[in-house]
Amino acid sequence: MEAYHKKWTTSEGVMAAITLLLLIFVFFHQSGGHSSGAVASLPRAGYVAPSLELVDLNGETVRLQDLKGKKVFVNFWASWCPPCNDEAPDLVQMSERYQEQVVFLGVNLTSGDRESDAQLFLKKYGVHFPTLLDRDGQAAKRYQVFAVPTSFFIDQHGMIVARRDGPLSRTQMETELHKLIEVK
Amino acid sequence: MMTWIPEALQLGPLTLPIDRLALILGLLLGLYLLQTFLTRAGYGGKAVASVVFESGVLAFFVALLSPAVLQLREVIAHPISALFGGITTAGIGIGVVVFVIALWWKCRSIRPFPPLPVLLDAVVAGVMVGWALYSFAVEAYGIKIGSAGSWYHPIFLYRTVLLLIGFWWVSRSVRGSCSGIGGAVGLVWIGWMQLLLSLVEANSPVFLNLTSTQLGGLFLSVLGILLHRRYRRGTLLKGA
């Protein structure tokens, strides 16, 4: 009886053999080396960031595509949103601390905000990094922004490393920025 | 944009993100199946499901409000962003610990408590169906199909189909008697699924040239085969 128990049944042998074959197969067919072009574009972590082309407050066009090779932090906000006001001082502080490693971009949801209010907001908190104006709401739609603020951490290959819906505390923001900076 | 499932549901002023909604529905469906399997096996399925649910709710709120203890200065300065900005990594860790302690504490009162093989069958079946529902509602894509065009592997559909086939296999293996064999088979299947899907996912290797998905898949497959051997032996001994 005991000797019989030690034997592998056919089903266990088949399961072990399939596992081994799969392991050998995946080992040689390593999927880690795909370029960012082989990955779909979705506003979620692990995907290529959707295209973003907007004018800033000076009327100059800013394209996310042009920032390839740099790490980018994109923050969608509106002047009327209390959590955005809450988050703004930390955002300014982080943009000053990490300006050498990360490009900070603010996207004002101008389709649901007033440009004059946005200007007052930027002045109030001393925001110095570029602020883009989403006048037709297309960027927010493309990035599926359903909570304000929403933040995206994008690596040098244009891949979204993290997406955070809602406000970020200073600790959370700094943690995500560190993760972004460490991406190779 | 390649999505055809909406990212969020708009109910008046309320916006419900689909991924969170699907996560809650998946967990509830999984819990329902856990309850059904345990009840069919002759144990208090409802009591176990209630205990898991209550422990989960408690752990969620502890994790959400953990900054009130861990980052008191930030909470005082910016209460909205610190408390409702999302669950932190430390919060998740605390939540898991609270969940395990609460589960253990509350389970002591359940008599008779289902043995491990019965629990394994029920939990694996629940996880498979709950995960299938969650995967179906949250679109996830793998690498590009072929070299031309912009079609990507719909891994959320692959995963949903594979999980449902796996659930069917587990249900067949259980056949009314929860001996742990079904759960073990389910673990092997989930492991294979992860290994297969890793071929069309874009992940970086973390150890021995294998990605985290591949390592997890390998671990589950091996664990499933070992548990199959263990519980098959138990079944034979009972039979003897």
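None of the figures in this text is laboratory data; all of them are computed from the coordinates on show. All values derive from a computational prediction rather than experimental measurement. Backbone-built Cβ (ideal geometry, glycine too); neighbour counts: all protein chains shown.
Not counting the cut sites, what is the longest span of chain A without GluC sites (Glu not before Pro) that DSSP labels loop and that have at most 11 other Cβ atoms within 10 Å?
A:101-184
May I ask you to derive the relative contact order of chain B, considering only C-alpha pairs under 8 Å and at least 6 residues apart, and to give it as an integer percent?
18 percent
Just need log10 I(q)/I(0) for the protein assembly as shown at q = 0.07, 0.09, 0.11 Å⁻¹, Debye formula, equal scatterers on the alpha-carbon atoms, no solvent, rounded to two decimals.
For the protein assembly as shown at q = 0.07, 0.09, 0.11 Å⁻¹, log10 I(q)/I(0) is -0.42, -0.68, -0.97.
Using a cut-off of 21 Å between alpha-carbon atoms, which lysines can reach residue A:123, once sequence neighbours fewer than 8 places away in the same chain are excluded?
Qualifying lysines at Cα under 21 Å: none.
Checking the table A:70/B:144; A:70/A:141; A:124/A:179; A:71/A:179 against a 19 Å threshold on Cα-Cα, which pairs fail?
A:70/B:144; A:70/A:141; A:124/A:179
Straight-line reach only, C-alpha to C-alpha below 22 angstrom: list the lysines that residue B:46 could link to, leaving out same-chain residues fewer than 8 apart.
Leaving aside lysines fewer than 8 places away in the same chain, those within reach of residue B:46 are B:106.
Based on Cβ point charges of +1 for Lys and Arg and -1 for Asp and Glu, what charge dipole magnitude is obtained for chain B about its Cα centre, in debye rounded to the nearest 20?
The calculated dipole for chain B is roughly 1100 debye.
Write down the Kirkwood hydrodynamic radius of chain A, to one decimal in angstroms, obtained as one divided by the mean of 1/r over all alpha carbon pairs.
Kirkwood radius, chain A: 18.6 Å.
Rank A:85, A:108, A:58 by mean-square fluctuation in a GNM of chain A with C-alpha springs under 10 angstrom and give only the top-ranked residue.
In this elastic network of chain A, the residue with the biggest mean-square fluctuation among A:85, A:108, A:58 is A:58.
Taking every eigenvalue of the Cα gyration tensor of the stretch B:1-151, multiplying by 5 and rooting it, what semi-axes result, largest first, whole Å?
31, 27, 14
Neighbouring Cβ atoms within 10 Å as the yardstick, rank A:25, B:113, A:129 fewest first.
A:25, B:113, A:129
Can I get the semi-axes of the stretch A:112-184's equivalent ellipsoid? Compute them from the C-alpha gyration tensor as square roots of 5 times the eigenvalues, in angstrom, largest first.
Listed largest to smallest, the semi-axes of the stretch A:112-184 are 24, 16, 12 Å.
So what is Rg over Rh here for the stretch B:80-209, counting just Cα atoms and using Kirkwood for Rh?
Ratio of gyration radius to Kirkwood radius for the stretch B:80-209: 1.07.
If you count the DSSP beta bridges with both ends in the protein assembly as shown, what percent of them are antiparallel, to the nearest 5?
70 percent
Just B:101, B:80, B:225 to compare: in a GNM of chain B, with alpha carbon springs under 10 Å, which one fluctuates most?
Maximum fluctuation in the GNM of chain B, among the listed residues, is at B:80.
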